[in-house]
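**Student:** Got a structure for you, questions after.
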Amino acid sequence: MQQEKWFERQFQFGNTQQIFPAILERLSGTSIRLIDKLIGVSEHVLMLSEGNTWSIKENIGHLIDLEPLWQGRIEDILSGQAELRLTDLNNSQTHLANHNATSIDELLGSFKKCRLETIQMLQALQPENLLQSALHPRLKIPMNMQDHLLFVADHDDHHLARISQLLH
């Protein structure tokens, strides 16, 4: 089954429920889920792609490439910025990085390390931080901290699903 392209997804923001612990759990589990999916997968399969899509390694590299953006947007919300920082919608960093040349162990280790930095940032949040918000620059919709973190978790899941498709 084909999944919706990321830039075609629609999002509903404005979440005021206290769901932060579940979001934190989801974000914490991404590296474990990646490792579990990729145990024993051959280097050949890790570098395969379909058409103009990214390989498994490139999908993981993309998650690494975006982690500083997610961290920066957390800082944007906390510092009261009106709008979240922009990103390169062409994903140039991922396209130019040659993640296929990096070992899977290094990619998984890098993702685990940078995600742990994000989790540590999140563990320092106070309840009042969760409803602070800023405008998402592409979607032009206000996004509070929980919305932002759900967006990141959905982005993780989008790429995990893509990796599963490539494995099968």
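The values are calculated or read from the model by the stated rules, or taken from the named source; none is laboratory data. Just so we're clear, the structure is a prediction, and the values are computed from it rather than from any experiment. Cβ atoms come from the backbone with ideal geometry, glycine included; neighbour counts cover every protein chain shown. Note: areas computed on protein heavy atoms with side chains; ligands, DNA, RNA excluded. Shrake-Rupley method; radii C 1.70, N 1.55, O 1.52, S 1.80 Å.
**Student:** Cross-chain or 8 or more residues apart, Cα under 20 Å: how many lysine pairs in the chain fit that? Count them up, please.
**Tutor:** Total qualifying Lys-Lys pairs in the chain comes to 7.
**Student:** Tell me, how many Å apart are the Cα centres for segment 89-146 and for segment 24-58?
**Tutor:** For segment 89-146 versus segment 24-58, the Cα centre distance is 17 Å.
**Student:** Roll a 1.4 angstrom probe over the protein heavy atoms and tell me the percent of accessible area of the chain that is carbon or sulfur.
**Tutor:** In the chain, the share of accessible area belonging to carbon and sulfur is 53 percent.
**Student:** Further question on the same structure: Please list Arg115, Arg26 from largest to smallest accessible area, probe radius 1.4 Å, with all protein chains kept in place.
**Tutor:** Arg26, Arg115
**Student:** Could you tell me whether segment 1-148 comes out rounded, prolate or oblate from its Cα gyration tensor? Rule is a ≥ b ≥ c as square roots of the eigenvalues, rounded for a/c under 1.5, then prolate if a/b exceeds b/c, otherwise oblate.
**Tutor:** Since a/c reaches 1.5 and a/b is larger than b/c, the shape of segment 1-148 is classed as prolate.
**Student:** Let me spell out the model: positive unit charges on the Cβ of Lys and Arg, negative unit charges on the Cβ of Asp and Glu, origin at the Cα centre of the chain. What dipole size does that give, in debye rounded to 20?
**Tutor:** 120 debye
**Student:** In deg cm²/dmol, rounded to 500, what helix-only [θ] at 222 nm does the chain give when every DSSP H run of at least 4 residues adds -39500 (n - 2.57) and the total is split over its residues?
**Tutor:** -18500 deg cm²/dmol
**Student:** Still on this structure: Counting only residues 5 or more places away or on other chains, whose amide H sits under 5 Å from the amide H of Leu135 once H atoms are built in the peptide plane?
**Tutor:** HN-HN under 5 Å from Leu135: Glu83, Leu84, Met143.
**Student:** Sort Asp154, Asp147, Asp88 from largest to smallest accessible area, using a 1.4 Å probe on the heavy atoms of the protein chains.
**Tutor:** Greatest to least solvent exposure: Asp88, Asp154, Asp147.
**Student:** Calculate one ³J(HN,Hα) per residue across segment 86-91 by plugging θ = phi - 60° into the Karplus curve 6.51 cos²θ - 1.76 cosθ + 1.60, and present them in order as whole Hz with x for glycine and proline.
**Tutor:** Each residue of segment 86-91 in turn: 6, 10, 7, 5, 8, 6 Hz.
**Student:** Which of the three applies to segment 78-144, rounded, prolate or oblate, going by the alpha-carbon gyration tensor with a ≥ b ≥ c and a/c under 1.5 meaning rounded?
**Tutor:** Oblate, since a/c reaches 1.5 and b/c is not below a/b.
**Student:** Something else now. Averaged per residue, what accessible surface does segment 34-147 expose to a 1.4 Å probe, in Å²?
**Tutor:** 52 Å²
**Student:** For Leu48, which sequence-distant residues (separation of 5 or more, or a different chain) have an amide H within less than 5 Å of its own amide H, given hydrogens modelled in the peptide plane?
**Tutor:** Ile56
**Student:** Related question: In whole Hz and in residue order, list the ³J(HN,Hα) couplings for segment 51-61 that follow from phi through the Karplus curve 6.51 cos²θ - 1.76 cosθ + 1.60, θ = phi - 60°; x for Gly and Pro.
**Tutor:** x, 9, 8, 7, 6, 4, 4, 5, 4, 5, x
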